[in-house]
Each structure stands twice: as structure tokens, then as C-alpha cells.
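Only one structure is covered here, and it is reproduced in the block below.
Just so it is clear, none of the values below were taken in a lab; they were calculated from the coordinates. Small disclaimer: the values here were computed from a predicted structure and weren't measured. In this analysis, Cβ positions are derived from the backbone assuming ideal geometry, glycine residues included, and neighbour counts consider all displayed protein chains.
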Amino acid sequence: MQTPDPIKPESYNSDVFPTWCPGCGNFGIWAALKMALSNLKIPPHKVALIFGVGCSGNFANFVKGYVFHSLHGRALPVASGAKLANSDLHVIAIGGDGDGFAEGLSHTIQTIRSNVNITYIVHDNHVYSLTTGQTSPTSLKGFKTKTTPEGSFEYPINPMALAISAGGSFVARGFAGEIPHLSDLIVQGIQHRGFSFIDVMQPCPTFNPQLSYDWYRQRLYKLADQGYKPDNRHKAWDIAQEEISEKIATGVLYQEQRATLEDNFPQISKTALVKKDFSGVDIRQFLGQFK
Ligand SMILES: Cc1ncc(C[n+]2csc(CCOP(=O)(O)OP(=O)(O)O)c2C)c(N)n1
């Protein structure tokens, strides 16, 4: 793949223009990610974008890079495998709240624990969109859909609390309607050594119109404006307890440095697996290292 010079947000456009509904928050996340990659001067051939299934997963068709459209809830194991095979790539996993907190919930928890050096962006619209509007694990109580005509009665999953309690080393929340701020969070997430978890508040005007851009804006506040420092897990936990129906903190809630999954594999901690010279290697002896 040729490297366009200089790298611009448009460098990541595929030939297909997004088919998302007018006003969909996915456009903002798409723009923020492209802005982040171009600000970091990462060429498309140095990034692997691994998608789940959903409206968010359709992003796979609208972006350039090494792109893999995986199964529903399975973006994270595929992304982890890509990173372990080629640690020289920037690996970014992308999926919806259904993908990450229902079908893929155990992968989300286990990948946070592993601290593999990848970035995970959740398009959290609090609804299953691609299947035309059913409750998701983050749907607010009382949310009326085809599957919950009397309103959802289940308590919503809290992604910030989930990530902090699973041992997240980078836990952040952004808003699809604030592209430069979200882009900066994605930059920080990519630069973080370890698993970066970014939950993005994403308006879905078609299947969750109540949570509109205005609804979010009335509740959003930026942690950085309050001089907040994301180095204390207990403080992060307190912020995570705020009900998003009342107030929504954006920014990095918590960050710490600790060994990544790759650091724990001496076979790949220094040289990417794909760069190993296997000519003349007794493969049985090599595989023996993995026992
Ligand atoms: C294992 C499995 N279960 C269910 C489906 C059907 N399905 C496809 S997309 C989807 C919902 C996607 O919702 P979400 O992950 O929140 O993404 P969004 O469409 O809102 O971006 C479901 C249930 C599937 N494809 N695979």
C-alpha cells in the first residue's frame, strides 16, 4: 500500500461513503478517528482496524487500513491476535454497546485484564441500531422499544465502572458531537502503552432519538476543565458512579502504566512475530518456546 504524503484525515477514506442515517453520531467518531490517526502521522498501512457487527461495524467499509469486519462481539479477540502477530501495527477495535457489553462482554472484561496494547472504541448509542432498535445493556431504564414496549426494567451496565473494576489501565469517555475533544482522547489512547478503553456517547437519531445531541450537551462536562488528574482509581470510581441521566463526565477517568500482554511474552516483546526470520529454524524447537 502506498503512503500518501502528507497524511491527512482523508487519507483514511475508502471509496465508499458512509451509509449511516443523517445525524448519526458515527459520523463524528469516524471523523475523530481519522483526525487522530493523521495527527499521529500513522499511515493507513500501519493501522489495523478490527470491527464488530452493527451500524458501528459498517465503519469497516468506510475506512482505509488493514480492516477486518469480524463477528458480533468478537472484535477484541481478533484485535488481540493481530497485535500479538504484528506488534508493529497500531491495532484499534471498534464496536457498539451491544457488541461490547452483551454478545462480547466476556471478551471485553478479559481483554481489559490482559492489558494488550490496543485501543478499543465503543460506539455507545444505548441501543441495538443495525437490528432496528432493541434495548442494549446500556439502555436507560424505562427505554421503550419493540422488545420492551412497557419500558426497559433492567439496570444498565456502567461501562466506566466495568472497565475500572476489571483493571483498566486507560479508561476514558468521549462524545461523538465533540470531534476535536474525542480525537484528542483517541490520540491519548493510541499513545497509551496498554489497553485503552474509550466509551463514546453516540446519538442515534433514528432508534434512540430521546438521547439527542441536546440531551447529551445538557449533561456533559469535561474533567480537564476541573483540573482533574486521572491517576487515582478511587476518584475515578466516584466519577464513574455518576448517573449519565444526570451528568456525564468526559475525558480520561483513569490511567496507569503497567506491563502489557506483549511484555509477558519474551518471544514477541522485542521483535514482532511477523518479522522473525524463520529460515533455517527448526519449527518444532521454535514452537517449543510457547509451551
Ligand atoms: C451472535 C450474534 N447475535 C446477534 C446478531 C444480530 N445482530 C447483528 S447487529 C446486532 C446489534 C448491534 O448493536 P450494537 O452492537 O449496539 O451496534 P450498533 O448497531 O448500535 O452500532 C445484532 C443483535 C449477530 N449478528 N450475531
>> With an 8 Å Cα cut-off and a minimum separation of 6 or more residues, compute the relative contact order for the range 9-288 in percent.
In response: 18 percent
>> When only alpha-carbon atoms are used, what values of Rg and Dmax, in angstrom, describe the range 41-179?
In response: 15.3, 50
> Helix 26-39 sits at what angle to the longest principal axis of the chain, using alpha carbons and giving 0 to 90 degrees rounded to 10?
Replying inline: 40 degrees
> Given a Förster radius of 41 Å and the C-beta distance between Lys8 and Ser269 as r, what FRET efficiency does 1/(1 + (r/R0)^6) yield to the nearest 0.05?
Replying inline: 0.75
> Between Gln289 and Gln210, what FRET efficiency comes out of the Förster formula 1/(1 + (r/R0)^6) with R0 = 51 Å and r the beta carbon distance, rounded to 0.05?
Replying inline: 0.40
> Of the residues Gly194, Gly142, Gly280, which exhibits the maximal mean-square fluctuation in a Gaussian network model of the chain defined by a 10 Å Cα contact cut-off?
Replying inline: Gly280
> Taking Lys64 as the anchor, which lysines have their alpha carbon closer than 25 Å to its alpha carbon, excluding any fewer than eight residues away along the same chain?
Replying inline: Lys8, Lys34, Lys41, Lys46, Lys83, Lys275
> Efficiency by 1/(1 + (r/R0)^6): what FRET value for Glu246 and Ser106, r their Cβ-Cβ distance, R0 = 30 Å, to the nearest 0.05?
Replying inline: 0.50
> By how many degrees, 0 to 90 and rounded to 10, does the Cα axis of helix 105-114 deviate from the longest principal axis of the chain?
Replying inline: 50 degrees
>> Show log10 I(q)/I(0) for the range 106-212 at q = 0.16 Å⁻¹, two decimals, from a solvent-free Debye sum over equal Cα scatterers.
In response: -0.76
> Out of every Cα pair in the range 163-215, what percent are spaced more than 13 Å from each other?
Replying inline: 62 percent
> Where does each of 128-139, 162-173 land if you order them by average Cβ count within 10 Å, highest first?
Replying inline: 162-173, 128-139
> Can you give the convex hull volume per residue for the Cα atoms of the range 190-251, as a whole number of Å³?
Replying inline: 118 Å³
> Between the helical axis of 179-191 and the dominant principal axis of the chain, each derived from Cα atoms, what acute angle in degrees is found, rounded to the nearest 10?
Replying inline: 30 degrees
> Of all the C-alpha pairs in the range 9-288, what % are more than 36 Å from each other?
Replying inline: 13 percent
